[in-house]
1. Answer yes or no as to whether His111 is closer than 29 Å to Glu55 by Cα and not small (Gly, Ala, Ser).
2. Could you go through the range 115-124 and let me know if any residue there is open to solvent by less than 10 Å² (accessible area, probe 1.4 Å) and more than 10 Å from the ligand (Cβ to nearest atom).
3. In the range 152-167, what residues are surrounded by 14 or more Cβ atoms within 10 Å (Cβ to Cβ), in contact with a strand residue (DSSP E or B) (Cβ under 6 Å, 6 or more places away or on another chain) and of a type outside the set (A, V, I, L, M)?
4. For the condition among the charged types (D, E, K, R), within 21 Å of Phe75 (Cα to Cα) and touching a strand residue (DSSP E or B) at 6+ places or on another chain (Cβ under 9 Å), what is the one hit in Arg96, Arg147?
Amino acid sequence: MEDSPEPQTVEQAETTRRKFLKWLLGSIAVVNGLIVFVPFLKALADSSLRAQKKEWSKVADMGLLPQGKPVNVRFQSESEDAYFHNKVLHSVWVIRHSPSEVTVFSPICTHLGCYYLWDPQTGHFECPCHASVFALDGRVLGGPAPRPLDTLPVKVDNGTVLVQWERFRVGIPQKITV
Ligand code: FES
C-alpha cells in the first residue's frame with residue numbers, strides 16, 4: 001500500500017502561498033516591463049537603422065534638365081525621430097553637365113546658412129545676407145564664405161536624378177555633416 005503524502009501544516013501552506021504570490025508578482029512586473037520597453041527599443045533600433053541608411057529622394061528627370069544651367073528643385077524627404085515620422089520639404093540646386101553627369105548643391109550658404117540665389121545675369125550664385133559669391137562649380141569668388149558650396153550625394157538611376165539630403169556645419173572651412 002502506498003504512503004499518502006504528509007498533510008501540510010498551516011505554516012507550510014502559508015509559506016507556499018507567499019512564494020507563489022511573489023512569483024506571480026515578479027512575472028507580472030517582467031511582462032509589464034516587456035510591454036513598455038520592447039516597442040521603445042524597437043523604435044530606437046529602427047530610427048538608428050534609418051539614420052545609417054539614408055534615403056535617396058527623386059529630384060528630377062535627367063532628360064528634362066537644361067545643360068549647364070542651375071535649376072532650383074524642391075523635393076520632400078522623410079525621416080524617423082523615435083516615434084515620429086516626419087516629412088520635410090527641401091530645395092537644392094541641380095546642374096546637369098552632360099547626359100550622365102550632374103551636380104547637386106545644398107541651397108544653404110556656407111557662411112552663416114542663408115539661402116543663396118542664382119543670378120543668370122552674372123552667372124554666379126549670390127547670397128543676399130553678406131554678399132558671398134560662388135561660381136557655377138561652387139568655388140568662392142567673393143565675400144566671407146569660408147568654403148565652396150556643399151555638394152550632396154547624387155546618383156542617376158534610369159534617367160532619374162536621386163539625391164541624399166544632408167546638412168553641414170556653416171561658418172567653418174571644413175565640410176562636416178551635422
Ligand atoms: S550667410 Fe551667405 S554670405 Fe553670410
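1. For His111, the condition - closer than 29 Å to Glu55 by Cα and not small (Gly, Ala, Ser) - is met.
2. Here is the first cut: in the range 115-124, the residues open to solvent by less than 10 Å² (accessible area, probe 1.4 Å) are 116.
Imposing the further condition that a residue be more than 10 Å from the ligand (Cβ to nearest atom) reduces the set to none.
Checked against the condition, which is being open to solvent by less than 10 Å² (accessible area, probe 1.4 Å) and more than 10 Å from the ligand (Cβ to nearest atom), the range 115-124 yields no hits at all.
3. Thr160, Trp165, Glu166
4. Arg96
A quick yes/no check of all residues on (1) away from the ligand (no atom under 13 Å from the Cβ); (2) closer than 23 Å to Trp56 by Cβ; (3) among the hydrophobic types (A, V, I, L, M, F, W, C):
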{"position": "Phe84", "(1), (2), (3)": "yes, yes, yes"}
{"position": "Val92", "(1), (2), (3)": "yes, yes, yes"}
{"position": "Arg96", "(1), (2), (3)": "yes, yes, no"}
{"position": "Thr103", "(1), (2), (3)": "yes, yes, no"}
{"position": "Cys127", "(1), (2), (3)": "no, no, yes"}
{"position": "Asp137", "(1), (2), (3)": "yes, no, no"}
{"position": "Gly143", "(1), (2), (3)": "no, no, no"}
{"position": "Arg167", "(1), (2), (3)": "yes, yes, no"}
{"position": "Pro173", "(1), (2), (3)": "yes, no, no"}
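The values are calculated or read from the model by the stated rules, or taken from the named source; none is laboratory data. Quick caveat, the model's predicted, so the values are computed rather than measured. No Cβ is skipped: glycine too gets one built from the backbone with ideal geometry, and neighbour counts run over all protein chains shown. Surface accessibility is based on the protein's heavy atoms, side chains included, excluding ligands, DNA and RNA. Shrake-Rupley method; radii C 1.70, N 1.55, O 1.52, S 1.80 Å.
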